[in-house]
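First comes the structure, then the notes that go with it.
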Amino acid sequence: MNTRTLPLVEVRGSHRQMGQQMGEARRESIAHALETAHQLIDDAYQTLQLTWDGARIQARKYLPFAQERYPQYIEELEGIAEGANASLDDLLVINAMEAVTSDALHLTKCTSLAVNQSRTASGNVLVAHNEDWLPEDEADVFVLRAFPDDGPPFLAMTYGGLLPNIGFNAAGIAQCCDSVYPSDSRIGIPRLVVSRAVLSARTISEAIRHILVPQRAAGYNHLLAHESGELYSIEVSARQFAVLYGLDGSIAHTNHYLDPQMKLVESEPDEQISTRIRYFRALRLLQQREKFTVKDLVEIQRDHVNYPESICNHETPGDPLDRQKTITALIMDLTQRQMHICWGNPCSSTYCTYQLDA
Ligand SMILES: [Zn+2]
């Protein structure tokens, strides 16, 4: 078992100040993440016909839309660039990577699920997420505890120079993001900026209003949980959305649309195989118990059915464009305001716990 503990960075102040603190604390890691992204674009040249300079030009097109609606998060990115001595254009590429690569690389996988009071032994609301991404970026994962001047404190997981989006805030809102593959993507507000905004929400309505912001570039599935036990999956594309609800006290989502209307805008559904297998596997595991503990959810996160494309995702040997693995897995206890998180594949890593003291 690997017992490494993820680094914790604590930031506070204005968005620019928080960005600067993040950039300073993670300078080397941000440089590493930019190198990794550069290499990814080079390696995918056959598929994308895109150079790094081309990617910078593409990413720039999204900036005015983000700046108009969410100037504070662009300031946060500018702060990261200043603190890390990195270029804003390079950071824009990694923060709009899915858009810049037209989703052609099917980069993100991820499995998210949640159980509320009626389904936990402790009566707490628990939200779990496996983050699947390139193995090189495992080194760049960290936990962020943030105290913004203008919103609720939050605890999040992120990596490299990405805006934080997977986490929970002191208003009792938790979010996990799962990539989906809409066919109606456009130039607009990048998904990461939209989901960053959700961490500032004080109510479920406010969170969903951000998720459905006009002129969004595309969409994720946002698995939302509220400390009251309300559980949602908001499936989003650039122009459509569906609201799904966890009526039996649990909910799960992976990387394909579940709503019949949303399936109509899914790009290349025939290729979305492993996500369907992970989804049904997660549903079955959620049915096998009446009440869950954190430990039971860890067991789900370590599941190896359909290995290597399992919930605990491992690299597929010999496939250069299918190299994703689970780089971190986390369980948020919304009631206790805690995050239990492991670094690397959950099957071979121990979890440690971070607290949000608001
Ligand atoms: Zn594993």
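Taking a ≥ b ≥ c as the square roots of the eigenvalues of the Cα gyration tensor of the chain, is the shape rounded (a/c under 1.5), prolate (a/b larger than b/c) or oblate?
In terms of gyration-tensor shape, rounded.
In what order do D319, D90, D103 fall by count of nearby beta-carbon atoms within 10 Å, going from fewest to most?
Least to most surrounded, the residues fall as D319, D103, D90.
Report the relative contact order of the stretch 278-358, percent, no decimals, based on alpha-carbon pairs under 8 angstrom and at least 6 residues apart.
Contact order relative to length: 20 percent.
State the answer as a single residue: which of C342, L223, I204 lies farthest towards the positive end of the charge dipole of the chain, with beta carbon charges of +1 for Lys and Arg and -1 for Asp and Glu, about the Cα centre.
My answer, from the dipole projection, is I204.
Which of the GluC sites (Glu not before Pro) found in the stretch 258-358 are in a DSSP loop and have at most 12 neighbouring Cβ atoms, other than their own, within 10 Å?
Of the GluC sites (Glu not before Pro), the ones in loops of the stretch 258-358 whose Cβ has at most 12 other Cβ atoms within 10 Å are E290.
Rounded, prolate or oblate for the stretch 12-100? Axes are the square roots of the Cα gyration tensor eigenvalues, ordered a ≥ b ≥ c, and the cut-off for rounded is a/c under 1.5.
oblate
To the nearest 500 deg cm²/dmol, what mean residue ellipticity at 222 nm is calculated for the chain from DSSP H runs of n ≥ 4 alone, each contributing -39,500 (n - 2.57), summed and divided by the residues?
-9000 deg cm²/dmol
Which of the listed residues, P148, L134, P164, is farthest toward the dipole's positive end in the stretch 129-206, when Lys, Arg count +1 and Asp, Glu count -1 at the beta-carbon?
So the residue furthest toward the plus end is P148.
Give the dimensionless ratio obtained when the Cα radius of gyration of the stretch 90-193 is divided by 2.2 N^0.38 Å.
Ratio of Cα Rg to 2.2 N^0.38 Å: 1.20.
All other residues with a Cβ under 15 Å from the Cβ of V141 taken together, and with Lys, Arg as +1 and Asp, Glu as -1, what is their net charge?
-3
For the stretch 12-100, give the magnitude of the charge dipole about the Cα centre (Cβ charges: +1 Lys/Arg, -1 Asp/Glu; no others), in debye to the nearest 20.
Here the size comes out at about 260 debye.
May I ask you to derive the relative contact order of the chain, considering only C-alpha pairs under 8 Å and at least 6 residues apart, and to give it as an integer percent?
That works out to 20 percent.
Taking the Cα centre as origin and putting +1 on Lys and Arg beta-carbons and -1 on Asp and Glu beta-carbons, what dipole magnitude results for the chain, to the nearest 20 debye?
The calculation lands at about 840 debye.
Checking the cross-link filter: which aspartates and glutamates have an alpha carbon closer than 14 Å to that of K291, excluding same-chain neighbours under 8 positions apart?
Correct list for K291: D248, E299.
Quick check: Cα centre of the stretch 154-173 to Cα centre of the stretch 200-239, how many Å?
14
Over the stretch 202-340, what is the mean sequence separation of C-alpha contacts under 8 Å (at least six apart), divided by residue count, expressed as relative contact order in percent?
About 13 percent, as a whole number.
Quick one: what does P(r) look like for the stretch 215-343 with 5 Å bins over all Cα pairs, in whole %?
2, 9, 16, 21, 21, 17, 11, 3, 0, 0
A short reminder: the numbers here are calculations on the coordinates, not readings from a lab. This structure is a prediction, so every number in the text was calculated from the model and none was measured. In this analysis, Cβ positions are derived from the backbone assuming ideal geometry, glycine residues included, and neighbour counts consider all displayed protein chains.
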